[in-house]
Amino acid sequence: MKKRLDVVGKARRRVDGRAKVTGALRYADDLFMPRMLHAKLLRSPHPHAVIEGIDTEKAKKHPGVHLVLTGKDFPVPFGIMPVSVDEYPLASERVRYVGDPVAAVIAVDEQTAVEAIGLIEVKFRVLRPVENPQEGLKNPEPRIHDYGEQGNIHRNQSYEFGNIEEALRSSDLVFEDLFFYEGNTHLPMEQQASLAFLDPEGKLQISSSTQNPHYLHRQLARVLQIPEAKIRVVATPNGGAFGGKCDPGGHEFVVCKAALVLGRPVKIGLTREEVFYVHRGRHPVLMKMKTGVTKDGKLTGMHLQTLLDGGGYGSHGPASTFYTGVLTPVTYHYPRFKFEACRVFTNKPACGPKRGHGTPQPRFGQEVQLDKIAEKLGIDPAELRLRNLVKENSLTASWLKVGSIGLEECIHKVVEMSGWKQRRGKLAKGRGLGLACSAYMCGAGVAIYWNKMPHSGVQVLLDRSGGVIVYCGATEIGQGSDDVLAAIVAETLGVGTDVVRVVSGDTGITPVDLGSYSSRVTIMAGNAAVQAAERLRAQIAAVVAETLGTLPDRVVFSQGRVFAADHSGPGMSFVEAVHAAEGQLGTLSAVGSYSPPKAPGTYKGAGVGPSPAYSFSSCVVEVEVDERTGWIHVPKIWIAHDIGRALNPTLARGQVIGGVYMGLGEALMEEQSFRRLPEKLSGALVHRAPSMLDYKSLTSLDMPDVEVALIEDPDPNCPYGAKEVGQGPLLPVMPAVANAIYDAVGVRIDEIPITPDKVLKALENKAKRVGPESFPAVPYPEPMFVLPPWEGGDGKETKRDAAAAVV
């Protein structure tokens, strides 16, 4: 019996909407407690230096100062990934970027703390900084870290799925291109803030603007050397995160340590400049792509090489390095695929996960190169993509399982909406259309730390008033995860979201959820919520079935009522059903949990990239380019997103438009770039734009009209068929802009951001394009060789010679 959907798929106000628009929602920096003290951090003015001494005596004596902390107070390091535990809350021996924290002052107010910070004297021995990955490869000494592959190489990996040289040799045409994607940052409206204190039982509690309370919880226990059970992390509502609040921050450890030492609440709020330092944004990536194709436009294989600028610490870098390669074959069928990826430490703020996490960079290169291939073969770019789509329920060469895929319909939709066939290549000079596609995961299939436990848990509790409380560790970062959970539970129990209250992101009272990253909440917490709600519904149905004169599986829950499927008899209200069930069974509660399916590949590294489902997007961008100034104006964007099913269409469309906004900003202006000061001014490597005045992003006046199409084909692996929508729609925007510029003025800009000066430079000589001119000799390791599924592979690593014999 298929139930009519009453909540899912219906446009409605999100459950936290009223609190946000009225200003009632309390963010971390809104929190205040009696006897609260304030913390400020002293940060390094040098990008690379040894700390030879710190004199804090004057600061300690400053009136109003309660505590001064330095690196010696934090002997245990932390790191979000077990393979990169390389940070200290306060640097004790060496600083690795301008802004690295070295000391903290806790005082009666912020001003006093700032004054005391100025009294701390630090003696540095300056070391030569590494400015970019090329420099890091050439200069293995001095090492930024004493671990890693070699010299200043952090991660270095190579994977080959089938013989790529043979595939390229047998191709009719081979295209080789270089691309560069500059790093950029998240720019959330809310700056990071944290408040730590001891509860009445003497246990540590921190309320913080974090995306991952569970991982912060684990790292606090590690660094502070106290049991996890004596720590409670509450993730406050986030005013934007986008990946920038995934990593534990040094400031969070500092306020916790201070609260433990002083026995008083301690708060810190980062300045906007400090947010640029804690960063963890998009990696700058240099890419080399070599792709084979037949005369009729069939892809034969790709060899992808990436070089990442990792900044001063590991962060999520090992995963980001993988992601610059592994998801590339998810969209189009590459019979053979090889990727080599190298992440190099440099003396800049560490890069990490930003919306799309390692995939926008290669997606940009891949989609621009496809347009170059289409032009050479005389094939419409949309048609070329349609000829090469990955098939539904298939494996890629890299052993990723693709389930449902609505990309074909996405392409057809944007082609239709934009008038692509009638307008592309036929608009007036300076105007053009560009198309691009993308894919993204619905949650990472493997946890950051190895374990066999569920990735998400949900508890649903009913009370006799008919109220429903949903407990889940997932974090609301503005993306609407609380609304998702409320809608799923409401639909399953046949009630409205107005009687559902979501309690989320609190390690003290909610089941574990691994966090809001990699677009995992809808599918993972959502599936756990479905399971918990279905178990509750079954309890109630078993009790009321006899009263209704039907079987338990014929009991219907809908619109606040419970009745028999054939509507015989009057039925009862949901509240009456709860009363009956509680009278017989006692307190009504159920839990649900979710673990993603096992990855089909078993080779080392196969756990990076698998997802229970993948979303797909396609967009067309229209541009107007002024050939006199190089100025780029985008009047309209059409985008179609394969969402499986929209749980809340209003919220889903908002997420798509938000992704378009961020992608367009990256395409046209955003860059977190650095410059080296002259030696007489210290020679430091400094941020060019550590403020919202200097770091350029789109304003409302820059935002084009966006026409959104949600392509719905429910995925069986997802709750009510719903896939992700938070990250995928960003990915096709940047390459679509580049392709549109080519259609408008006939020049290729093979790097991001695409700025007016680059357009003018390209227009000076149309025989050339603007972009990187060379790729360094990277000492990639011997590739791990894995046969694709269609060549008799079993998902395990094998030797190339043995594989050739099998084939």
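The values are calculated or read from the model by the stated rules, or taken from the named source; none is laboratory data. This is a predicted model, so every value here is computed, not measured. With ideal geometry, Cβ positions are generated from the backbone for all residues, glycine too; neighbour counts draw on all protein chains shown. SASA here: full protein model, heavy atoms, side chains in, ligands and nucleic acids out. Shrake-Rupley method; radii C 1.70, N 1.55, O 1.52, S 1.80 Å.
The figures follow:
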{"read-out": "Among (1) closer than 22 Å to Gly71 by Cα; (2) more than 17 Å from the chain's Cα centre (by Cα) - the single one Pro200 does not satisfy", "value": "(1)"}
{"read-out": "Unique match (being surrounded by fewer than 16 Cβ atoms within 10 Å (Cβ to Cβ), more than 26 Å from the chain's Cα centre (by Cα) and under 23 Å from Leu327 (Cα atoms)) among Glu375, Glu392, Glu383, Glu416", "value": "Glu383"}
{"read-out": "Elements of type helices (runs of 4 or more DSSP H) in segment 33-139, at least 3 residues being over 30 Å from Cys246 (Cβ atoms)", "value": "57-61, 110-117"}
{"read-out": "Criterion: in contact with a His (Cβ under 8 Å, 6 or more places away or on another chain), open to solvent by 70 Å² or more (accessible area, probe 1.4 Å) and in contact (Cβ under 8 Å) with a residue 12 or more places away in the chain - qualifying residue of Val130, Val126, Val98", "value": "Val126"}
{"read-out": "In segment 154-172, the residues that are closer than 30 Å to Pro82 by Cβ and open to solvent by 10 Å² or more (accessible area, probe 1.4 Å)", "value": "Arg155, Asn156, Gln157, Tyr159"}
{"read-out": "Qualifying residue in segment 691-703 (condition: among the basic types (Lys, Arg) and in contact with a strand residue (DSSP E or B) (Cβ under 7 Å, 6 or more places away or on another chain))", "value": "no"}
{"read-out": "Strands (runs of 3 or more DSSP E) fully within segment 228-337 counting 2 or more residues that are under 25 Å from Tyr88 (Cα atoms) and either hydrophobic (A, V, I, L, M, F, W, C) or touching a helix residue (DSSP H, G or I) at 6+ places or on another chain (Cβ under 6 Å) (or both)", "value": "231-235, 266-269, 299-311"}
{"read-out": "Segment 627-645 residues that are on the phi > 0 side of the Ramachandran plot, paired with ones that are of a type in the set (Val, Ile, Thr) and outside any loop (DSSP other than H, G, I, E, B) (beta carbon under 7 Å, 6 or more apart)", "value": "Gly630/Val759"}
{"read-out": "Exclusive hit being open to solvent by 50 Å² or more (accessible area, probe 1.4 Å) and out of contact with any helix residue (DSSP H, G or I) (no Cβ under 8 Å at 6 or more places or on another chain), set Glu679, Glu707", "value": "Glu679"}
{"read-out": "Sole residue being more than 22 Å from Lys636 (Cβ to Cβ), in a helix (DSSP H, G or I) and in contact (Cβ under 8 Å) with a residue 12 or more places away in the chain, chosen from Tyr720, Tyr742", "value": "Tyr720"}
{"read-out": "Candidate set: segment 613-631, residues that are in contact with a Pro (Cβ under 7 Å, 6 or more places away or on another chain) and not small (Gly, Ala, Ser); chosen: the one most open to solvent (accessible area, probe 1.4 Å)", "value": "Trp631"}
{"read-out": "Search result, residues across segment 10-31 that are acidic (Asp, Glu) and touching a strand residue (DSSP E or B) at 6+ places or on another chain (Cβ under 8 Å)", "value": "Asp29"}
{"read-out": "Unmet criterion (only one of (1) open to solvent by less than 50 Å² (accessible area, probe 1.4 Å); (2) over 24 Å from Arg355 (Cβ atoms); (3) not in a loop (DSSP other than H, G, I, E, B)) for Arg222", "value": "(1)"}
{"read-out": "Ala341 vs. criteria hydrophobic (A, V, I, L, M, F, W, C), touching a Gly at 6+ places or on another chain (Cβ under 8 Å) and in a helix (DSSP H, G or I)", "value": "no"}
{"read-out": "Residue within segment 45-63 that is over 18 Å from Val114 (Cβ atoms), without any contact (Cβ under 8 Å) to a residue 60 or more places away in the chain and open to solvent by less than 70 Å² (accessible area, probe 1.4 Å) present", "value": "no"}
{"read-out": "Scan of segment 273-304 for residues that are open to solvent by 20 Å² or more (accessible area, probe 1.4 Å), touching a Ser or Thr at 6+ places or on another chain (Cβ under 9 Å) and over 19 Å from Asp100 (Cβ atoms), ordered by number", "value": "Lys288, Thr294, Thr300, His303"}
{"read-out": "Number of positions in segment 549-566 that are without any contact (Cβ under 8 Å) to a residue 40 or more places away in the chain and closer than 22 Å to Val8 by Cβ", "value": "2"}
{"read-out": "Positions within segment 283-305 being closer than 23 Å to Lys348 by Cβ and over 19 Å from the mean Cα position of the chain (by Cα), in sequence order", "value": "Leu286, Met287, Lys288, Gln305"}
{"read-out": "From Ile477, Ile509, residue being hydrophobic (A, V, I, L, M, F, W, C), touching a residue at least 40 places away in the same chain (Cβ under 8 Å), outside any helix (DSSP H, G or I) and within 27 Å of Pro213 (Cα to Cα)", "value": "Ile477"}
{"read-out": "Filter result for His214 (under 17 Å from Asp506 (Cα atoms), touching a residue at least 40 places away in the same chain (Cβ under 8 Å) and buried (at least 19 other Cβ atoms within 10 Å of the Cβ))", "value": "yes"}
{"read-out": "Tally of residues being hydrophobic (A, V, I, L, M, F, W, C) and either within 21 Å of Ser315 (Cα to Cα) or open to solvent by 50 Å² or more (accessible area, probe 1.4 Å) (or both) across segment 174-198", "value": "6"}
{"read-out": "When residues of segment 519-549 are limited to those that are among the hydroxyl-bearing types (Ser, Thr, Tyr) and at negative phi, the one least open to solvent (accessible area, probe 1.4 Å)", "value": "Thr522"}
{"read-out": "Leading residue by the ranking (nearest to the chain's Cα centre (by Cα)) among those in segment 422-443 that are buried (at least 24 other Cβ atoms within 10 Å of the Cβ) and among the aliphatic types (A, V, I, L, M)", "value": "Met441"}
{"read-out": "Qualifying position, being touching a strand residue (DSSP E or B) at 6+ places or on another chain (Cβ under 8 Å) and among the hydroxyl-bearing types (Ser, Thr, Tyr), among Thr271, Thr236", "value": "Thr236"}
